[in-house]
Each structure stands twice: as structure tokens, then as C-alpha cells.
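Asks: Before I ask anything, here is the structure I am working with.
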Amino acid sequence: MSRRAIASLILFAIAACSPGDSAESAPAGSPSAAQARDSGRREVAVFAGGCFWSTEANFEHMPGVVSAVSGFAGGRVAAPTYEQVVRGGTGHLEAVQVTFDPARVTYRQLVDRFWVTIDPTDPDGQFCDQGPSYATAVFATAAQKPTAEASRRLAAARIGAARFVTPVRDAARFWPAEASHQDFARLNPVRYAGYSRFCGRAARLRAVWGDAA
């Protein structure tokens with residue numbers, strides 16, 4: 001366990017990437033004009049960006065995104081629980097399955113967005129969430145892989161290819177996490193904001209990506 005992970009456990013009362021006992025409800029937004037233009041087409045993308053609360057929050061408000069579901073991908077155990085994954089040994093990464101309307105947002109746009117929401121120079125996790133289950137990756141189908149790889153090359157060139165360690169991996173079975181982990185940032189805005197500030201997400205992303213973060 002890293003020093004940052006130990007610090008996050010000590011300050012768990014402030015926030016951590018595990019569910020609490022209560023949720024502060026956030027008002028639901030009204031349908032937007034973009035939603036009214038839904039083509040009815042659906043495609044799926046899967047991203048592992050560290051704590052899935054943050055990855056989910058980074059995508060669910062993008063125009064064209066229909067849903068973002070927190071879960072696990074890339075492991076060896078069927079239907080893993082959160083406790084199994086964070087305990088280690090299952091091989092899973094925390095991941096988010098993004099369902100989108102390709103007429104309103106492209107897969108390339110989603111991948112391009114993903115890079116600037118993570119620190120792709122950290123091989124051991126993200127921010128204060130450290131450990132194998134918090135590693136980052138794009139899980140891409142055979143059809144998606146050329147697009148994902150092209151996006152990765154461009155992103156890596158911006159910060160230095162030798163520093164850029166987040167891979168594009170083959171698509172893997174996605175398993176949804178428990179209900180207590182879904183829509184966490186939206187349902188628990190105060191706790192999530194505290195977690196994000198404590199982990200230093202914004203500052204680190206600015207350090208890596210500058211104004212693009």
C-alpha cells in the first residue's frame with residue numbers, strides 16, 4: 001500500500017472511494033434539447049480511470065452519453081463484489097461502462113475526453129487511490145481499437161510517450177458494481193466534493209494536462 005493510500009485511510013472520515021450510509025439527493029435535471037434529438041442508436045465504451053465514482057461523473061453529463069455505470073473489468077472472477085476487487089487477487093480494475101448515441105458523440109470524442117480526466121503517468125493507481133484495482137486502461141473492441149490507439153498516440157505526444165503508461169487493452173467482460181456505488185457523485189455531492197479535493201485531483205490534472213484538464 002502506498003503512502004497516499006495510507007493517508008487516505010487515515011482521513012477516511014473526510015472521504016474515500018467506498019459507499020457511505022446516506023446520500024444527499026441532487027435534483028434531477030430537465031431533458032435537454034440534445035436529449036430530444038436522440039437517434040435511438042446505442043454503442044458502448046469501457047474505461048478504467050481509477051475510482052469509478054470519478055470516471056462515471058466525468059462522462060455522465062456529456063451530451064450524447066445515455067448512461068455511465070460503475071463496475072469492474074479485466075479480471076478472472078465472475079460477478080465480483082467491491083470487497084473482493086479492492087481486497088485484490090481478482091485481476092479486475094474499477095471501470096465504467098459508457099452507453100452513448102454515436103450520432104451525438106463519437107467514440108473518438110469519448111476516448112479523447114478520458115485521457116484528460118486521468119493521470120496517465122501513474123502506473124499504480126490514480127491520485128489518492130492506489131493499488132492494482134485503481135490502474136487505468138481503455139478496454140476496446142477490435143473495431144474500437146484503431147480509434148483508441150490513435151487517440152492514445154496523440155495524447156501521449158502531448159506529455160511525452162515515455163511517461164504515458166495507460167494502455168489500450170482488449171475488451172473484457174464488464175460487471176456492474178453494487179447499487180450503492182452507482183451515481184455516487186450525483187447522489188452524494190458534498191461527500192464526493194470532499195473526496196475529490198482531498199485527493200488533489202484538480203491540481204494534479206492541471207499539472208499533467210494544463211488548460212486541457
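Asks: Identify, from the list Ala202, Ala156, Ala162, Ala103, the residue that is among the hydrophobic types (A, V, I, L, M, F, W, C) and closer than 30 Å to Ser39 by Cβ.
Replies: Ala103
Asks: So which residues in the range 70-89 are under 13 Å from Ala177 (Cβ atoms) and either among the polar types (S, T, N, Q) or crowded, with 16+ Cβ neighbours inside 10 Å (or both)?
Replies: Passing the criteria: Ser70, Gly71, Phe72, Ala73, Gly75, Pro80, Thr81, Tyr82, Gln84, Val85, Val86.
Asks: Restricting to the range 117-127, name every residue that is out of contact with any Gly (no Cβ under 7 Å at 6 or more places or on another chain) and open to solvent by less than 20 Å² (accessible area, probe 1.4 Å).
Replies: Asp119, Pro120, Asp122
Asks: Hey, another quick one. When the residues of the range 42-61 are filtered to those that are in a loop (DSSP other than H, G, I, E, B) and under 24 Å from Gly194 (Cβ atoms), which remaining residue is most open to solvent (accessible area, probe 1.4 Å)? Give the steps one after another, and end with the answer.
Replies: From the range 42-61, those in a loop (DSSP other than H, G, I, E, B) are 42, 50-51, 61; that's our starting set.
Still in the running and under 24 Å from Gly194 (Cβ atoms): 50-51, 61.
Numbers: Gly50: 0, Cys51: 2, His61: 142 Å².
Within the range 42-61, the match that is most open to solvent (accessible area, probe 1.4 Å) is His61.
Asks: Could you check, for the range 170-193, whether at least one of its residues is out of contact with any strand residue (DSSP E or B) (no Cβ under 6 Å at 6 or more places or on another chain), at positive phi and surrounded by fewer than 20 Cβ atoms within 10 Å (Cβ to Cβ)?
Replies: yes
Asks: Is it true that some residue in the range 131-138 is within 15 Å of the chain's Cα centre (by Cα) and over 21 Å from Val46 (Cβ atoms)?
Replies: No, the range 131-138 contains no residue that is within 15 Å of the chain's Cα centre (by Cα) and over 21 Å from Val46 (Cβ atoms).
Asks: Are there any pairs, at least 6 apart or on different chains, whose C-beta atoms fall under 6 Å, with the first in the range 172-184 and touching a residue at least 40 places away in the same chain (Cβ under 8 Å) and the second surrounded by fewer than 17 Cβ atoms within 10 Å (Cβ to Cβ), and if so, which?
Replies: Trp175/Ala79
Asks: Another one. Scan the range 62-71 for residues that are in contact (Cβ under 8 Å) with a residue 60 or more places away in the chain and not in a strand (DSSP E or B) and report the count. It would help to see each step written out before you state the result.
Replies: Of all residues in the range 62-71, those in contact (Cβ under 8 Å) with a residue 60 or more places away in the chain come to 69-71.
Still in the running and not in a strand (DSSP E or B): none.
Going through the range 62-71 one residue at a time, the tally reaches 0.
Asks: Just the residues that are touching a strand residue (DSSP E or B) at 6+ places or on another chain (Cβ under 7 Å) and open to solvent by less than 30 Å² (accessible area, probe 1.4 Å), please, taken from the range 90-99.
Replies: His92, Leu93, Glu94, Ala95, Val96, Val98, Thr99, listed by residue number.
The values are calculated or read from the model by the stated rules, or taken from the named source; none is laboratory data. Note that the structure is a prediction, hence the values are computed from the model and not measured. Cβ: placed from backbone, ideal geometry, glycine included. Neighbour counts: every protein chain shown. What goes into the accessible areas is simple: the full protein's heavy atoms, side chains included, and nothing from ligands, DNA or RNA. Shrake-Rupley method; radii C 1.70, N 1.55, O 1.52, S 1.80 Å.
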